[in-house]
Amino acid sequence: MGKIDHDAVLRARVLLLGSGRLDLLEQVNAYRVLAEVSPKAYLPKLVDALLSMSYRSRDPEVDLALATEAVGACRRIEAGEPARTERLHRALNVYQSALFALGRRAEGRAACEELAEAGQSGRLARVLAEEGRFREAAELNEKAIRNGQKEHSFWNMVEWAANLEGAGLHDEATAVFRELLDETRSKAAEQRTALAVLTWELVHLSRMREAAGHGADAAAARREALTVLEELATTGEPKDWSCILAWWVTLFVLSGRADEPAASTESPMPPFGTEQGWSSGTRGAFLGTLPGLEAEAAGLREAGRLPELVDVQRRISIRAALREGSHPHGFEERFKPYFDEGVALARRLPDDPARLARALTDRSMYLVAARTFEPAFADFTEAVALL
């Protein structure tokens, strides 16, 4: 501790005891002074005020400066003090986010590694997945999930299965996804989740098994999905659900990973299989390829190269779903043109039933998201017959 400015300490105490309302900067300045003389009382307050300022900021440089100071203040709080660990987690989260936003990926990853050592491994798992380090990400997923909980969330299990599949561990990925699916079946039977979610999961399982070369398993999953869809087309959902579009978006976006460039440390890609926790810039970079894809689609259309055009249009649809697929207002009208065009283009390829089946399946699952079940059943019935 340096030489204490007793006048500054007195001014800070008077300021905090005054009747006027202080803005955050005034609070931070006062806490900075008082933390030097009463660290136990004022270091936690300083951390909270610094983080509150960062939450209101829109400038990564400012966020980084505030988070750096907050992390340093957290480290000065005595071990064992209440909420020290929770404050350090929050400070490190702001710190790593600012580093990624500024393109300082290696430093951001190091902050995520520190978070993981402290028991918060989710962020690091997604950073590793962005870099194509799927096996390491899956190992972190497993450690986080196998914690004795009887029930695991859709989000955790899909992310884990996606990382296992990305690592080429198809049987392990299927086992994890089947575990989720068994839970979803049970919940659907008890009306604790939507039949729509069960349908999306079954269709995704069929895609996983098809990609792994297990056609019989894929066909069985499609038949079960068709049975659930028939129930939806006949009687609808047994009860109303709030917005569940994020479930559809997550699985639809994940279904397109194989058509994207491979992820690497030098060229990170989105952590497919999760909607949350993407590094700042990764989402923007992925969506930023839309203009280029649209220009490519225009060129392919002009050249009459239909198979490639169908594939590019699907990549465009996936980005559109990621950008605004979770917003229910005007959902059906906004997305109908994407999926109608995908089917129309694929129908012009009579010798390519696989592409048509994929386009019909995509439209069917979108229609389920739009709660238009009869057309969804018709599309998927045709897709199953094609396959």
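Readers should treat all values here as calculations from the given coordinates under stated rules, not as data from a laboratory. From a predicted model like this one, the values you see are computed outputs, not experimental measurements. Methodologically, a virtual Cβ is constructed for each residue, glycine included, from the backbone with ideal geometry; neighbour enumeration extends over all protein chains shown.
Here are some notes:
- Residues within segment 349-387 that are over 18 Å from Val253 (Cα atoms) and either β-branched (Val, Ile, Thr) or in contact with an Asp or Glu (Cβ under 7 Å, 6 or more places away or on another chain) (or both), tallied: 4
- Among all residues of segment 168-180, there is none that is within 22 Å of Tyr366 (Cα to Cα) and touching a residue at least 40 places away in the same chain (Cβ under 8 Å).
- Taking each residue of segment 353-380 that is of a type in the set (S, T, N, Q) and looking for partners that are surrounded by 20 or more Cβ atoms within 10 Å (Cβ to Cβ) and part of a helix (DSSP H, G or I) with beta-carbon atoms closer than 6 Å, six or more apart or interchain, yields Thr361/Ala383; Ser364/Ala376; Ser364/Asp379; Ser364/Phe380.
- Residues that are farther than 12 Å from Thr199 by Cα and hydroxyl-bearing (Ser, Thr, Tyr), drawn from segment 218-242: Thr234, Thr235, Ser242
- With respect to the conditions (1) buried (at least 20 other Cβ atoms within 10 Å of the Cβ); (2) touching a helix residue (DSSP H, G or I) at 6+ places or on another chain (Cβ under 8 Å), Glu131 falls short on a single one, namely (2).
- Qualifying residue in segment 226-245 (condition: surrounded by 15 or more Cβ atoms within 10 Å (Cβ to Cβ), within 15 Å of the chain's Cα centre (by Cα) and in a helix (DSSP H, G or I)): yes
- Conditions (1) surrounded by fewer than 21 Cβ atoms within 10 Å (Cβ to Cβ); (2) more than 27 Å from Arg104 (Cα to Cα); number of the one not met by Ser267: (2)
- Within segment 39-73, the set of residues being more than 18 Å from Ala83 (Cβ to Cβ) and touching a residue at least 40 places away in the same chain (Cβ under 8 Å) comprises Pro60, Glu61.
- Among residues of segment 116-138 being part of a helix (DSSP H, G or I) and of a type in the set (Lys, Arg), the one that is farthest from the chain's Cα centre (by Cα) is Arg135.
- Test: residue in segment 139-147 that is under 25 Å from Asp259 (Cβ atoms) and under 17 Å from the mean Cα position of the chain (by Cα): yes
- Matching residues in segment 174-208 - criterion: being surrounded by fewer than 21 Cβ atoms within 10 Å (Cβ to Cβ) and within 18 Å of Ala359 (Cα to Cα): Arg207
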